[in-house]
1. In what sequence, highest mean first, do B:727-735, A:172-180, B:621-629, A:31-39 appear when ranked by Cβ atoms within 10 angstrom?
2. Just want the ordering: B:65, B:465, from fewest to most Cβ atoms lying within 10 Å of their own Cβ.
3. Full extension from residue B:9 to residue B:746: what is 0.36 nm times the residue separation minus their Cα-Cα distance, to one decimal in nm?
4. Show me the three semi-axes of the equivalent ellipsoid for the stretch B:2-182, from the C-alpha gyration tensor (sqrt of 5 times each eigenvalue), largest first, rounded to whole Å.
5. Of all DSSP beta bridges in the stretch A:8-96, what percent run antiparallel (nearest 5)?
6. Which whole-number percent gives the relative contact order of chain A, counting Cα pairs below 8 Å spaced six or more residues apart?
7. Round to the nearest 0.05 the FRET efficiency obtained for residue B:400 and residue B:91 when R0 = 41 Å and r is the Cβ-Cβ distance.
8. Compute the convex hull volume of the Cα atoms of the stretch A:4-220, divide it by the residue count, and report the result per residue in Å³ as a whole number.
């Protein structure tokens, strides 16, 4: 696993191929859109999809915690798929999540899917959080340098053989958007106006790969044709 | 047939197309209704095509009104209006003509027992086209339910001639006896093979070089159907014909992606006799009898005798006159295949796969629908289901697994007790949780899962809909790209919501959308005939000189594949070693073999670099020379390697998606759903990954593997071939490419990868190329590598020759009707 460095407001940030952000100077790990308990939310609506999504997401988070040993963990909103999600956690998952949250400085940012602070889980809750001139918030909207989630960006690259679609980071001069980290989260193409308008001066998409990221300028996505 | 009807017996009528068999099925019903008029549904007619029902209704209404019978005849399908449905509920017609999906919906209503109380007869048309498909599985389950609701009703199956009569009889029999009525064959069809005079192409599958020959034959006949194998081939051939069509003979295009109104216009023009030819895909294989078709031209490989007979039968629906058909092979191997097909037709050697066991995803859908209709006892439902032909071998344990999936997901982790869809009462009867769940189940009825599709529309206010494109193709277009669709040259503008907006005309090399699926492999019987002909130079006299020379040269330079062995050629070329195996087992099986061979060669240190598969041959190339080729083809490759590859392959993901939708695990993607909402629906690929990791034996994964084994991976056929050739692998080492290997080598570069490892490699390569082009990186010193592990990826597009200018957008009256004043 090779993380890729980028700079935002003079800060050196590392993009991890697993879809998380590592800020070495602050020992901070950020993940966006965990959408925990999306499986049970679907089940509630009548689609009995497999119930292991929360466990799978926590497994991946635990790997990152082992790799980086962060002091602070920041969840960029939509941590639960809905407001009642935390109440539906299976006991084993709830215990595990509580342990992670209690043993770190855990910051839960609020998202549109979970506008209330998580029930009975350790950590602090906030609309946004700022450090060294960078604002973290769920949905992009500020003028200054910010780090956001919400849109679940993905990008398609046409290679000589086929078009490949992957979740991705999107990075511009003023903004970094994280891919969704949750096991059942789909994506929105970076060319969709909802994302494109947030990067008016262009930017780069970093597609997630097994061992590393693959970087393309935004215009190349799905337009790039190689011989 | 009348005998069987009077005795109340279930019967299967097998007749070649054009025997008037559909109306024969109705005669007893009309007689009964005349003798004993009744209210309610007396006869139910089910066919795979809505249009067939409409046509039969039209043909029945005439005699009914002429004879002044008090018999009501109506159709019902997905298109039937709400008011008409309500009226049908109030006053059901005596004869109801419908489709499997609409029947499933009727049976899921709580009123179903009343609706079918007086049912006396069920006519199933085109049984051969339904048995063995998921729609057929659904209909079989519905027939079993009808047998419970109306035990006195007899069934009448109408089928074309098939290879597997017993399976079709079991299908119509629902566990009971069936009287078989066979109509003797009519005149054998007259088949001839035609090629463009100058040159027999080495490779290619489009047959465009023969456009002039095809046009000549169209000119010489009244009305022709030109059958092709893929929609892309249809678009290309249509253009090629119009480029030569100086007399502007009315030639139209018909395929499954065209706008439905457009297809209806073409069909109407055909029945009026306004057309001279229609270029068509399998969208015209079934359907209404077009009386006026004088000849059929099959362009490209026929793939199977039964399939060819079905197509040839579209011409001349009269028993006493022979159908006429012309086969136009697109390359040299196809010349052999066409000749084999002609002999197969003469020998009446029907082929195709025997119907496979019923799908468990369809069963899951059915169980939920039955619970929506009425609470049931599992014992009763199991007994009913196993009367359905495709499910007669279903074990109780598997049934319980499917039931448990429908109840609460059937997961090892008992997490969803709160959300169960079914619950059991004190007597063990299974009930549905709520009306809402029942409503959702009815909305998800059906077994056809479309790839995500986008509408194609001409920009501007008057722009009409041209049809639909697969989203995967549409999203890779950039503004200004040109592509061929609906017989036009279009310039892509943008995607808005679920619509692809285009302008007419454009420059540059147009792309042709290709579509997943619809590519049939060569049947085993036909392959056996091709092998036998290859081995027997005495039979070559029927071939054109170039083909004879080609085979003779092969005999001289290498050797010919025997009727029963496996010929493997090994030769160096451009610093690589090529291993070419003449398996003749069809593309799907060869793709699977290619995957497994490369894995094995990798382990043997041969450094495989890639492979390509055709219907006849598999070619693998590697950095090192393979030594012991017999070991490469040992049967044990179907063990762990197969498991490992299958699990990762995107084919299985695609299959899982279909299974998940049919089984009701996720809802159908509603057309027109907002693209930003897609983030919220759960992606089936992600579900697949989670399920595979945590419960690999889950019933839906079992259903997925079963589907893949008979479908895209064709593992069964591969296994049979490997078993057959053990100890008979004949290796020939050559200093250069053999004549027979040339076609497959020309195919290299058309077939490509899809596998997670390789995706990363492709992304890295593309990233590096871009950086190089922009001067951000030094040019790579490494030669470009085609990556080792390939899998069946349907090439997303085929490129056309750049030098040809874009053809004019004039076309037939039909294909430009939206622009007429």
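1. A:31-39, A:172-180, B:621-629, B:727-735
2. Fewest to most other Cβ atoms nearby, the residues stand as B:65, B:465.
3. Working: separation 737, 0.36 × 737 = 265.32 nm, distance 5.70 nm.
Additional length available on full extension: 259.6 nm.
4. Numbers: eigenvalues 103, 71, 52 Å².
They are 23, 19, 16 Å, listed from largest to smallest.
5. DSSP beta bridges in the stretch A:8-96 are roughly 60 percent antiparallel.
6. 21 percent.
7. The pair residue B:400/residue B:91 has a calculated efficiency of 0.50.
8. Roughly 122 Å³ of hull volume per residue.
Each reported figure results from applying straightforward, stated rules to the coordinates on display, with no laboratory input. These numbers were taken from a predicted model, which means no experiment stands behind them. Using ideal geometry, Cβ is built from the backbone for each residue, glycine included, and neighbour counts are taken over all protein chains shown.
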